[in-house]
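Inspection log for the structure reproduced underneath, given as structure tokens.
The values are calculated or read from the model by the stated rules, or taken from the named source; none is laboratory data. A quick note: this is a predicted structure, and the numbers were derived from the prediction, not measured. Reconstructed Cβ throughout: ideal geometry from the backbone, glycine too, with neighbour counts over all protein chains shown. Heavy atoms of the whole protein, side chains included, go into the accessibility calculation; ligands, DNA and RNA do not. Shrake-Rupley method; radii C 1.70, N 1.55, O 1.52, S 1.80 Å.
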Amino acid sequence: MFIHLRDRTGLVQLSFGPEWTEPAAAELAASLSPEDVIQVTGRVVLRPESAVNPDMETGQLEVQVSGIKLLSSADPLPILVAVPPEEELPSEELRLLHRVLDLRRPAMLRNFELRHRVTQATRSALSDLGFLEVETPFLTRRTPEGARDYLVPSRRHHGEFYALPQSPQLYKQLLMTAGFDRYFQIVRCLRDEDLRSDRQPEFTQIDVEMAFVGEEDIYAVCENMLQRVYREALSEEIATPFFRMGWTEAMESYGTDKPDLRISWKLADFTEILTGIGFGIFDSALDAGGRIRGFVVPGGASLSRARLDGFNELAQSAGARGVLWIKRTADGWSGPVAKVLNGSAGETLVEQFGLVEGDLVLLVAGPDRETSTPLDALRRAAAGEMDAIDNSSSWLWVTDFPLFEADLQTGRPTPSHHPFTMPRDASPERIREEPLAIRSRAYDLVLNGAELASGSIRCHDSEMQRAILETLGMSPEEIESRFGFLLEAFRYGVPPHGGFALGLDRLVAMMVGAESIREVIAFPKTTAARGLMEGTPSAVDAAELAELGLKTL
Ligand code: ASP
């Protein structure tokens, strides 16, 4: 009889035989169930040549068990633990409900071993660069990062609330003002937002702030840290400095502020070539102040009608009216636009874009705010179909974001990063007069089309800071009551400073090749923000509420 015994380091084979096993031990062993917890006594021996298992890490040896003790017995299991191939995993709901069993799978353990190495490497990299790890409060005032706050009612002060931090943003700026010079924290951030598929209400970021720096200093620290992390956690070298691109170019050439540069295709403006040639949709897009943008898919004429219909649905779900396609085939043009391309427009297309037989052009017409997202989605989907995604990693700093963007519903300025970002070439007057024209000193770090980190040089000028907060619609009284402590600190001498925060969950997920950050968070919530295993959130009784001065409606 054999048993595979598992611990954190892996599996080992136990073997039982009349020559070395006590009869009572053999009897107990025969009655064991999967996941029982046992203690064994025996001899570690080499297996006979014929019994060596090359597929098992410990396959050349086994433990000849003399005695065995049952430390804890396991009930029949609601989900399988025994190292199933991934496709046989139970549903994610069951995995989250029985998370303890799910975490016993070696694949999960490996994720957390890597996560541990990442945080260790982060700590040593930043410590070696002179950063201090400082903790900041969890019961705090509201810090705007663009989401809703989780509020904690105060028992001592009825009607007043703490907010859980959306990030330590203001505290880290205050630490710079306090002269700490270089701070970091591996910190939980809490944001009450409608969870898109891969967000969590609480997530962890590597939060960094430095005084007396410009963008280049910050990029260098972040790159150095990531280099150490990849080297120490994965034994991989990543090349630095990372590529940089201004926000305007990113939006124009890729339709997104987080371009996936593993795909070489760029967006282009086809407006001039395709308007005024008798195609109504294009002309009316131009009349409405829009453009015709699109890109060439080399070899894409081979894509079937069904695939192109799929692209159309994708573009529509991303907010476009639809996608128009042109194929360059052996018999000339094909597609809904073909009939107007036989003249000089077709020739110009071929010349300007070097189109050859077999190419496809995908086009979306309309104002940029409606076409950028669909074009980015189409570019990524088409590249996936055509196998045109390079398998290297593409690291990119996107720089010079606008300071504000117009809220889609109200048109009012909202911060593109957060309100504590330093404007580029601006004065308080200009911020008040033409907020939407101002650029900022904010940057994002993008890996393979995913935003991994973001940060900025901060506004350390009280007057400029006031102008920004006023532009966001806050009255002087509100500014005083919410941010008075920051502006007050700035009155006593403040070093110029800046920093960034990098999403640790996303980084580790990408390093282990997981689809979801839930694979690298021990006890994550569902997309409905519930903890299935422990049952959160949960009701509290009226007496507890009364103590907090609360009543539910
Ligand atoms: N506080 C920002 C965030 O959490 C990062 C930063 O600006 O440093 O996204």
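Just checking, does the range 49-64 include any residue being surrounded by 13 or more Cβ atoms within 10 Å (Cβ to Cβ), farther than 30 Å from Ala529 by Cα and of a type in the set (Asp, Glu)?
Yes: one or more hits.
Out of all the residues in the range 301-312, is one or more among the basic types (Lys, Arg), free of Cβ contacts under 8 Å to residues at least 40 places away in the same chain and in a loop (DSSP other than H, G, I, E, B)? Don't jump to the end; show me each part of the working.
From the range 301-312, those among the basic types (Lys, Arg) are 305, 307; that's our starting set.
Then keep just the ones that are free of Cβ contacts under 8 Å to residues at least 40 places away in the same chain; that gives 305.
Subsequent filtering for residues that are in a loop (DSSP other than H, G, I, E, B) retains none.
Scanning the range 301-312 turns up no residue that is among the basic types (Lys, Arg), free of Cβ contacts under 8 Å to residues at least 40 places away in the same chain and in a loop (DSSP other than H, G, I, E, B).
Would you call Val44 open to solvent by 90 Å² or more (accessible area, probe 1.4 Å) and hydrophobic (A, V, I, L, M, F, W, C)? Spell out the reasoning first.
Working: open to solvent by 90 Å² or more (accessible area, probe 1.4 Å): yes; hydrophobic (A, V, I, L, M, F, W, C): yes.
So Val44 passes the test.
State which residue is farthest from the chain's Cα centre (by Cα) when the search covers only the range 488-514 and only residues that are open to solvent by 30 Å² or more (accessible area, probe 1.4 Å) and charged (D, E, K, R).
Looking at residues that are open to solvent by 30 Å² or more (accessible area, probe 1.4 Å) and charged (D, E, K, R), I get Arg491.
Would it be correct to say that Glu19 is part of a loop (DSSP other than H, G, I, E, B), modelled with pLDDT of 95 or more and among the acidic types (Asp, Glu)?
On the way: part of a loop (DSSP other than H, G, I, E, B): yes; modelled with pLDDT of 95 or more: yes; among the acidic types (Asp, Glu): yes.
The answer is yes for Glu19.
For residues in the range 181-197 being surrounded by 17 or more Cβ atoms within 10 Å (Cβ to Cβ) and assigned to a loop (DSSP other than H, G, I, E, B), which is nearest to the ligand (Cβ to nearest atom)?
Of everything passing the filter in the range 181-197, Arg191 is nearest to the ligand (Cβ to nearest atom).
Are there any strands (runs of 3 or more DSSP E) wholly within the range 382-487 with 2 or more residues that are within 16 Å of the ligand (Cβ to nearest atom) and open to solvent by less than 30 Å² (accessible area, probe 1.4 Å), and if so which?
Values: elements: 395-399, 404-406, 413-415, 442-447, 450-457.
It comes to 395-399, 442-447, 450-457.
Working only within the range 269-288, note down all residues that are under 35 Å from the mean Cα position of the chain (by Cα) and open to solvent by less than 20 Å² (accessible area, probe 1.4 Å).
Of everything in the range 269-288, those that are under 35 Å from the mean Cα position of the chain (by Cα) and open to solvent by less than 20 Å² (accessible area, probe 1.4 Å) turn out to be Phe270, Thr271, Ala285.
Check every one of the helices (runs of 4 or more DSSP H) wholly within the range 86-169 and list those with 1 or more residues that are away from the ligand (no atom under 16 Å from the Cβ) and among the hydroxyl-bearing types (Ser, Thr, Tyr).
On the way: elements: 92-97, 99-103, 106-128.
Filter on the range 86-169 gives 106-128.
Working only within the range 495-547, note down all residues that are under 25 Å from Leu114 (Cβ atoms), of a type outside the set (Gly, Ala, Ser) and within 16 Å of the ligand (Cβ to nearest atom).
Phe500, Leu502, Leu504, Asp505, Arg506, Leu507, Ile517
Which members of the range 253-280 meet the condition of being free of Cβ contacts under 8 Å to residues at least 40 places away in the same chain and touching a Ser or Thr at 6+ places or on another chain (Cβ under 9 Å)?
Of the range 253-280, the ones free of Cβ contacts under 8 Å to residues at least 40 places away in the same chain are 253, 266, 269, 271-272, 275-276, 280.
Scanning the range 253-280 gives Lys266, Glu272.
Can you confirm whether the range 428-447 contains a residue that is closer than 21 Å to Phe212 by Cα and free of Cβ contacts under 8 Å to residues at least 24 places away in the same chain?
no
So, in the range 342-371, how many residues would count as being part of a loop (DSSP other than H, G, I, E, B) and closer than 28 Å to Met251 by Cβ? Full working, then the answer.
Taking the range 342-371 and keeping what is part of a loop (DSSP other than H, G, I, E, B), we get 342-343, 354-359, 367.
Next, only the ones that are closer than 28 Å to Met251 by Cβ stay: 354-355, 359, 367.
Qualifying residue count for the region: 4.
On the basis of being touching a Pro at 6+ places or on another chain (Cβ under 6 Å), open to solvent by 20 Å² or more (accessible area, probe 1.4 Å) and away from the ligand (no atom under 16 Å from the Cβ), does Phe243 make the cut? It would help to see each step written out before you state the result.
Values: touching a Pro at 6+ places or on another chain (Cβ under 6 Å): no; open to solvent by 20 Å² or more (accessible area, probe 1.4 Å): yes; away from the ligand (no atom under 16 Å from the Cβ): yes.
Judged against the criteria, Phe243 is not a match.
Could you grab me the full set of residues in the range 198-210 that are in a strand (DSSP E or B) and surrounded by fewer than 22 Cβ atoms within 10 Å (Cβ to Cβ)?
Step one: filter the range 198-210 for residues in a strand (DSSP E or B), giving 202-210.
Selection gives Glu202, Phe203.
In the list Glu223, Glu216, Glu232, which residue meets the criterion of being part of a helix (DSSP H, G or I), touching a residue at least 12 places away in the same chain (Cβ under 8 Å) and either open to solvent by 20 Å² or more (accessible area, probe 1.4 Å) or among the hydroxyl-bearing types (Ser, Thr, Tyr) (or both)? Give the steps one after another, and end with the answer.
Details: Glu223 fails: either open to solvent by 20 Å² or more (accessible area, probe 1.4 Å) or among the hydroxyl-bearing types (Ser, Thr, Tyr) (or both); Glu216 fails: touching a residue at least 12 places away in the same chain (Cβ under 8 Å).
Unique residue meeting the criteria: Glu232.
Given the criterion part of a strand (DSSP E or B), of a type outside the set (Asp, Glu) and under 30 Å from Leu234 (Cα atoms), identify the matching residue among Ala501, Ala509.
Values: Ala509 fails: part of a strand (DSSP E or B).
Only one candidate qualifies: Ala501.
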